[in-house]
Amino acid sequence: QVQLVESGGGLVQPGGSMRLSCLTSGFDFSRYVMNWYRQALGQERELVASISATGTTTNYADSVKGRFTISRDNRKNMVHLQMNNLKPEETAVYYCNVYFYDRDYWGQGTQVTVSS
């Protein structure tokens, strides 16, 4: 079955960096757009970044442009999110996502806390 497993979250100081990873299985990873979402406590889940199947096209939420970088390794079935200059308001659970066959698939999420 489809599995998405995020890792790399934790506590980081404001202005710091963190790299999230998502290991996938159960589907043909190299055929699909991959996404990172985040959800802060009491807020709706929001799309942070997307990457095309080949990795040649990326898109970002305006709030993270220039600070976050999404990448993928189609040999390892993994997608990553490099986050720089993190802000306290970016404290959230970060989720890996893929959409195909008319449904969304989600990982369990990884907590990122930005605090001094």
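Using θ = phi - 60° and the Karplus relation 6.51 cos²θ - 1.76 cosθ + 1.60, list the HN-Hα couplings for the range 107-116 in order, rounded to whole Hz, with x at every Gly or Pro. So the J values, rounded to whole Hz, are x, 7, x, 9, 7, 10, 10, 10, 7, 8. At a probe radius of 1.4 angstrom, the accessible area of the chain per residue rounds to 54 square angstrom. The length gained on full extension between ASN84 and ASN59, counted as 0.36 nm times the residue separation minus their Cα-Cα distance, comes to 7.4 nm. Here the range 1-74 exposes an accessible surface that is 46 percent carbon and sulfur, computed with a 1.4 Å probe and the other protein chains kept in place. Here is the list for the range 36-116: chymotrypsin sites (Phe, Trp or Tyr not before Pro) lying in DSSP coil, each with at most 16 other C-beta atoms within 10 angstrom of its C-beta, are TYR101. Phi angles of the range 91-105 translate, via the Karplus equation with coefficients 6.51, -1.76, 1.60 and θ = phi - 60°, into HN-Hα couplings of 4, 5, 8, 9, 10, 8, 8, 9, 10, 7, 6, 6, 8, 8, 10 Hz per residue; Gly and Pro are given as x. Mean-square fluctuations from a GNM of the chain, with a 10 angstrom spring cutoff on Cα atoms, peak among SER52, SER63, SER71 at SER63. Short-range pairs are left out: with C-alpha atoms under 8 Å and at least six residues apart, the relative contact order of the range 4-115 is 37 percent. In loop segments of the range 4-49 as defined by DSSP, the trypsin sites (Lys or Arg not before Pro) with at most 16 further C-beta atoms inside 10 Å of their C-beta are ARG45.
The values are calculated or read from the model by the stated rules, or taken from the named source; none is laboratory data. On a predicted model such as this, the values are computed, not experimentally measured, just so you know. Here Cβ is always computed from backbone atoms with ideal geometry, including for glycine, and neighbour counts include all displayed protein chains. For the accessible areas, the whole protein counts, side chains as well, though only heavy atoms, and no ligand, DNA or RNA atoms are used. Shrake-Rupley method; radii C 1.70, N 1.55, O 1.52, S 1.80 Å.
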